[in-house]
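Enquirer: Have a look at this one before I ask anything.
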Amino acid sequence: QVQLVESGGELVQAGGSLRLSCAASGNIGSINVMDWYRQTPGKQREWVGRISKSGVTNYADFTKGRFTISQDNAKNTMYLQMNSLKPEDTAVYYCAAQVLLQRYWGQGTQVTVSS
């Protein structure tokens, strides 16, 4: 079992920055990759990016260099640094952990970008 808790979401003005955190606990050593997703009402959950156990990252095209994923293994925490935020980045952001064929999700954190 893996437990994930996101934090850091808040209201920010367009052009601003936020750093989201995803704290993992439980069977952390079994995690292969961790992902960030986001979701707005009425839309499907959208993949933002991922980081592997070895630190290799991949991003969705829409991030266009604005978002950076990192991890602090000592703190069992993954981060999503978001810069140059746009109103269309408004969403609930979720982190997910992949353990073999099982995917674990956090509860989400709300990011609101005002124009």
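The values are calculated or read from the model by the stated rules, or taken from the named source; none is laboratory data. Being a predicted model, the structure only gives us computed values, none of them experimental. Cβ sites come from the backbone with ideal geometry, for glycine too, and all protein chains shown count toward neighbours. The area values use the complete protein model at the heavy-atom level, side chains included, leaving out ligands, DNA and RNA. Shrake-Rupley method; radii C 1.70, N 1.55, O 1.52, S 1.80 Å.
Enquirer: Hey, among 29, 65, 49, which residue is assigned to a loop (DSSP other than H, G, I, E, B) and either at pLDDT 95 or above or more than 17 Å from residue 109 (Cβ to Cβ) (or both)?
Expert: Details: 29 fails: assigned to a loop (DSSP other than H, G, I, E, B); 49 fails: assigned to a loop (DSSP other than H, G, I, E, B).
Testing whether each residue is assigned to a loop (DSSP other than H, G, I, E, B) and either at pLDDT 95 or above or more than 17 Å from residue 109 (Cβ to Cβ) (or both) leaves just 65.
Enquirer: On the basis of being in contact with a Phe, Trp or Tyr (Cβ under 8 Å, 6 or more places away or on another chain) and open to solvent by 30 Å² or more (accessible area, probe 1.4 Å), does residue 84 make the cut? Break it down stepwise before answering.
Expert: Values: in contact with a Phe, Trp or Tyr (Cβ under 8 Å, 6 or more places away or on another chain): no; open to solvent by 30 Å² or more (accessible area, probe 1.4 Å): yes.
The answer is no for residue 84.
Enquirer: I've got another one for you. From the list 30, 70, 54, 114, which residue is closer than 23 Å to residue 1 by Cα, exposed (fewer than 13 other Cβ atoms within 10 Å of the Cβ) and among the hydroxyl-bearing types (Ser, Thr, Tyr)?
Expert: 54
Enquirer: Can you list residue pairs whose Cβ atoms sit under 8 Å apart, with the first residue in the range 29-55 being farther than 22 Å from residue 113 by Cβ and the second being basic (Lys, Arg) and at pLDDT below 95? Count only pairs 6 or more apart in sequence or on different chains.
Expert: Close Cβ pairs (under 8 Å, with a partner that is basic (Lys, Arg) and at pLDDT below 95) amount to 31/53; 32/53; 33/53.
Enquirer: Can you name the number of the only condition in (1) assigned to a loop (DSSP other than H, G, I, E, B); (2) surrounded by 13 or more Cβ atoms within 10 Å (Cβ to Cβ) that residue 95 fails?
Expert: (1)
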